[in-house]
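Comments concern the structure below.
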Amino acid sequence: MSEHREVPTDFVKLNGNWLRFDWNSGERLSYVLRERLDTRDVKVGCDAGDCGACTVLLDGVPVCACLTPAAQVAGRKVETLAGIAAETEPGKSLVEVFQDHGAAQCGICTPGMMVSAVALLRHEPNPTESQVQDALAGVLCRCTGYRKIVDAVLAAGGNGTARSPLNSGAVGSPVRRLDGYRKVVGTELFGDDVGTEGALSLRIIRSPHSRARFKLGDLDSFVSEREGIALVLTSKDIPGKNRFGVFPGFHDQPVFAEAETRFRGEAVAAVVGDQLALRDIDMDDFPIFWEELPYVETMLDAMDPAAPAIHEDRDRNVMCGGIVRTGNADAALTEADFVAEGSFTTSFVEHAYIEPEAGMADLSDGRLQVRAGTQAPEMDRKSLASILAMDASEIRIIPTAVGGGFGSKLDLSVQPYLALAALKTGREVRLAYTRTESMQSTTKRHPAEISMKIGVARDGHLKGLKFRGKFNTGAYASWGPTVVNRVPVHASGPYRVRHYFAESQAIHTNCPPSGAFRGFGVPQTAIAQESLFDELATILKMDALEFRILNALDNGVPTVCGQVFESGVGIKACLTALRGPWKRATKIAERFNRMAKQTSSPLRQGAGVAAGWYGCGNTSLPNPSTIKAGVRSDGTIVLHQGAVDIGQGSITVVSQIFAESLGVPVNLLALIGGDTDVTPDAGKTSASRQTFVSGNAARQAGAALRRDILKLCNASQNAKLEIADGAIRISDGSSDHVVYPSRLVADDEGYVLRSEETYDPPTKPLNANGQGSPYAQFGYAAQMAMVEVDVKLGTVRAVKFAAAHDVGKAINPMLVEGQIQGGIAQGLGMALMEEFMPGRTENLHDYLIPTIGDMPPVEPIIIEVPDAHGPYGAKGLGEHVLIPTAPAILNAIFSACGARIRHVPATPERVCAALRDSCNE
Ligand code: FES
């Protein structure tokens with residue numbers, strides 16, 4: 001409660017108990033619930049009624065707590081997830097079915113989803129699917145693709161399919177998420193949930209211009225004339241380097257801009273003070289003087305020799321490039337019997353996780369402690385050490401739960417501001433970005449401008465492929481170098497191309513930085529390549545799926561980098577698995593279109609296919625993960641695993657692999673999560689690497705611990721372990737042994753036995769022609785999309801997806817399905833609706849992401865072609881799920897109505913324009 005004002009007091013019946021609460025005029029119910037009544041199971045994603053994460057029941061009716069004035073709830077009944085979690089619906093409790101169905105991934109939307117579901121089930125105990133969709137329509141989810149949420153609510157009502165995931169957790173079993181319970185009862189703590197009442201807060205002053213010079217005014221007077229402000233931070237307060245970034249040579253982003261800003265939303269200062277004081281101060285009075293400068297937003301403008309140089313050392317605003325070439329692409333294209341070519345463009349795509357960046361920092365025993373949502377705790381620590389001129393050992397990073405990341409939370413956001421403010425004041429400091437701040441200032445998917453030419457022989461075999469791609473990397477480097485290195489390696493798609501030339505460039509503009517986003521440029525590239533493949537199949541009068549099967553990579557066949565995998569190439573298996581769904585969808589669409597023409601309906605249906613591949617982990621760079629485990633005196637097996645779970649399930653999957661390798665059920669493990677003080681570095685959560693890389697480290701750590709246990713009694717490797725009542729029972733058929741850990745000597749950490757293992761995937765550098773072994777493994781995917789197009793309005797509705805994904809070994813099939821469905825939802829958004837425009841779509845009502853009503857049924861088809869290096873044969877999956885979706889949709893649109901879309905998203909306007917073009921051809 002504020003110390004600065006008298007506040008009215010009222011009573012509310014919160015989750016069954018009458019409580020006194022204080023409120024200020026104009027305060028939101030969400031604020032009062034979270035900050036005054038400690039009800040942090042209510043999540044805030046937008047403060048504008050767009051995302052529904054804060055949904056609560058007010059007298060039994062779902063409302064957005066962020067839009068409800070606190071003054072209106074006096075004397076009324078408010079229920080939040082914490083109050084209704086235990087409620088048992090007609091079939092089964094939502095808490096159980098959400099876990100059984102894998103309906104919570106990151107979990108940030110889960111309270112809003114479950115509260116909305118309870119409201120429905122109280123009135124409609126056996127809802128239909130469309131009733132569920134209507135009831136949950138106000139809540140956005142960015143992770144799941146909604147299908148598992150719908151299935152869970154149907155199961156709670158008794159109309160769905162029951163699932164009984166096995167609980168042994170053996171590799172291959174669809175065990176519940178190990179962190180799932182916290183998410184479904186509302187006790188999971190995200191970045192804005194860990195700070196305490198009374199902590200200082202921050203407001204960041206940002207540039208309102210795409211490029212501007214600025215001068216700061218009298219900051220001392222600004223602070224002294226206002227109650228509740230502690231200080232103002234600027235670039236002058238940075239004790240170390242006012243620069244951060246990812247790659248050596250590309251640390252180019254300042255924490256606070258110095259004299260000039262390079263994009264709208266860039267930070268120039270931060271005001272630190274009492275939370276309520278900061279909320280009420282008009283920051284328009286902040287003493288800063290702006291001089292707007294000429295700026296460039298397009299790559300064409302940025303490369304003009306007369307354009308302003310965004311960074312002095314980067315000629316014509318070209319940051320860097322990548323290249324892969326083999327054979328002679330020009331000659332092959334000349335000799336080809338048929339050629340398809342085209343230019344394609346894609347837009348900025350916002351990550352739009354439901355949890356905006358948030359966290360806290362304080363000093364503990366003289367050391368700096370930062371708790372925030374992150375995908376890369378060790379990278380954060382190193383970056384902070386450089387910015388703050390501290391030794392890394394003086395900094396402790398404890399990641400909170402992450403409410404969606406998808407790549408953007410690999411970069412620093414709130415951390416340096418929190419850390420600096422905590423160091424300066426010696427107090428705890430909290431910061432949560434507003435939705436607009438989050439969208440203005442954090443990274444995006446690179447917009448691409450791609451030209452591509454592909455030639456084929458009359459028999460359908462690919463002859464040659466040429467690719468040129470420019471990627472708008474915005475004002476700062478972030479992960480742009482990764483994108484331009486990865487793209488040429490992947491632009492062939494998972495096909496045999498003997499003659500190949502692919503070149504990419506990253507171009508700076510005065511836009512927000514583009515960075516890592518599920519696929520690192522490969523989804524943009526796949527749009528061009530898979531669209532032209534469809535055109536080639538049409539020219540050849542071949543079935544589009546069979547054309548791809550004919551050209552698909554195989555074991556022993558070199559990639560465009562000359563890398564040869566003797567086993568584990570699963571693309572043919574993915575494509576052939578689609579034959580049934582493809583044939584059925586094509587027939588259904590033909591029948592539908594015949595009827596539509598007879599009835600003069602403007603609706604047309606079509607089906608499209610596309611494939612994709614993705615190299616797991618860093619491109620030709622070291623990429624190690626370390627996993628540690630130990631046995632305590634009481635027999636507890638402790639797993640320290642720092643592979644940050646951003647909703648994809650690494651906590652569960654890495655634990656399943658470790659448990660399998662050790663030979664115990666997964667539910668016996670005590671888990672210690674990411675914490676740079678006590679958990680070794682498992683690397684960053686990116687590039688679909690955690691199942692593969694951290695999974696391998698976990699497998700090795702499990703095996704090492706098992707060896708040590710067996711050695712104590714000379715038992716054979718095949719022995720069975722059983723751990724109970726403080727004893728380890730070892731049975732190897734011929735004899736039984738018992739080990740009592742309490743009789744062994746414990747080390748400083750309390751472990752009587754311990755293991756710590758590191759795995760680094762075997763890769764080789766690429767030479768000047770991009771030849772080498774960039775990845776130890778690829779994952780493969782093929783998807784079919786069926787859509788319905790209104791040829792009068794240009795609207796497109798997805799009708800169905802079938803998605804075949806080669807994961808090597810599905811460590812947890814339920815989580816694999818969830819990744820597939822969630823990735824498809826993001827691919828659908830990229831294909832049909834998502835287009836971030838700086839200054840114009842900086843909120844979740846102008847920037848559209850798929851809702852529950854946009855997602856049709858998805859048929860996941862899990863393919864298991866074991867990888868030689870993967871743990872139990874497993875391959876990464878997180879990025880692959882998105883790559884084929886947009887091109888499959890675009891190909892389906894063409895199949896439905898003849899409109900060939902070359903700029904995504906395929907908005908109604910663009911579909912209508914493409915239809916007109918197709919009529920004029
Ligand atoms: Fe729905 Fe992450 S699980 S937003």
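The values are calculated or read from the model by the stated rules, or taken from the named source; none is laboratory data. Everything numeric here is computed off the predicted structure, so don't read it as measured data. Cβ coordinates were reconstructed from backbone atoms using ideal geometry, including for glycine residues, and neighbour counts include every protein chain displayed.
Assorted remarks:
- Every residue from region 103-131 that is more than 10 Å from the ligand (Cβ to nearest atom) and either without any contact (Cβ under 8 Å) to a residue 60 or more places away in the chain or more than 21 Å from C64 (Cβ to Cβ) (or both): A117, L120, L121, H123, E124, P125, N126, P127, T128, E129, S130, Q131
- Of residues in region 357-375 being modelled with pLDDT of 95 or more and not in a strand (DSSP E or B), the one surrounded by the most Cβ atoms within 10 Å (Cβ to Cβ): T374
- Residue identified as under 30 Å from P447 (Cα atoms) and either surrounded by 13 or more Cβ atoms within 10 Å (Cβ to Cβ) or modelled with pLDDT of 95 or more (or both) among I310, I288, I281: I310
- Against the test of being of a type outside the set (A, V, I, L, M), over 20 Å from Q563 (Cβ atoms) and crowded, with 24+ Cβ neighbours inside 10 Å, the options S492, S504, S478 yield a single qualifying residue, S478.
- Qualifying residues in region 414-439 (those that are buried (at least 24 other Cβ atoms within 10 Å of the Cβ) and farther than 20 Å from L231 by Cα) - the one nearest to the ligand (Cβ to nearest atom): S438
- Boolean, G240 is more than 27 Å from G839 (Cβ to Cβ) and either at pLDDT 95 or above or within 26 Å of the chain's Cα centre (by Cα) (or both): yes
- The set of residues in region 663-677 being β-branched (V, I, T) and without any contact (Cβ under 8 Å) to a residue 40 or more places away in the chain consists of I672 alone.
- Scanning region 649-686 for residues that are hydrophobic (A, V, I, L, M, F, W, C), crowded, with 24+ Cβ neighbours inside 10 Å and closer than 23 Å to L384 by Cβ turns up just one, A682.
- Counting only residues that are farther than 25 Å from V865 by Cβ and small (G, A, S), region 784-819 holds 2 of them.
- Qualifying residue in region 76-98 (condition: of a type in the set (D, E), at positive phi, more than 16 Å from the ligand (Cβ to nearest atom) and surrounded by 18 or more Cβ atoms within 10 Å (Cβ to Cβ)): no
- Residue count for region 517-572 under the criterion of being assigned to a helix (DSSP H, G or I) and hydroxyl-bearing (S, T, Y): the result is 3.
- Within region 182-224, the set of residues being within 16 Å of the ligand (Cβ to nearest atom), surrounded by 18 or more Cβ atoms within 10 Å (Cβ to Cβ) and of a type in the set (A, V, I, L, M, F, W, C) comprises V184, V185, F190.
- Residue match in region 137-156 (condition: surrounded by fewer than 24 Cβ atoms within 10 Å (Cβ to Cβ), more than 16 Å from the ligand (Cβ to nearest atom) and touching a residue at least 60 places away in the same chain (Cβ under 8 Å)): yes
- When the test is whether a residue is closer than 23 Å to A448 by Cβ and crowded, with 19+ Cβ neighbours inside 10 Å, M299 passes it.
Residue-by-condition table, conditions (1) basic (K, R); (2) in a helix (DSSP H, G or I); (3) out of contact with any Leu (no Cβ under 6 Å at 6 or more places or on another chain); (4) within 16 Å of the ligand (Cβ to nearest atom):
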{"residue": "R316", "(1), (2), (3), (4)": "yes, yes, yes, no"}
{"residue": "V324", "(1), (2), (3), (4)": "no, no, yes, no"}
{"residue": "D330", "(1), (2), (3), (4)": "no, yes, yes, no"}
{"residue": "L333", "(1), (2), (3), (4)": "no, yes, yes, no"}
{"residue": "A340", "(1), (2), (3), (4)": "no, no, no, no"}
{"residue": "S343", "(1), (2), (3), (4)": "no, no, yes, no"}
{"residue": "S347", "(1), (2), (3), (4)": "no, no, yes, no"}
{"residue": "E355", "(1), (2), (3), (4)": "no, no, yes, yes"}
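- Selection count, region 780-823, where residues are β-branched (V, I, T) and more than 30 Å from K597 (Cα to Cα): 4
- The strands (runs of 3 or more DSSP E) found entirely in region 718-778 that carry 2 or more residues being surrounded by 14 or more Cβ atoms within 10 Å (Cβ to Cβ) and under 28 Å from the mean Cα position of the chain (by Cα) are 751-759.
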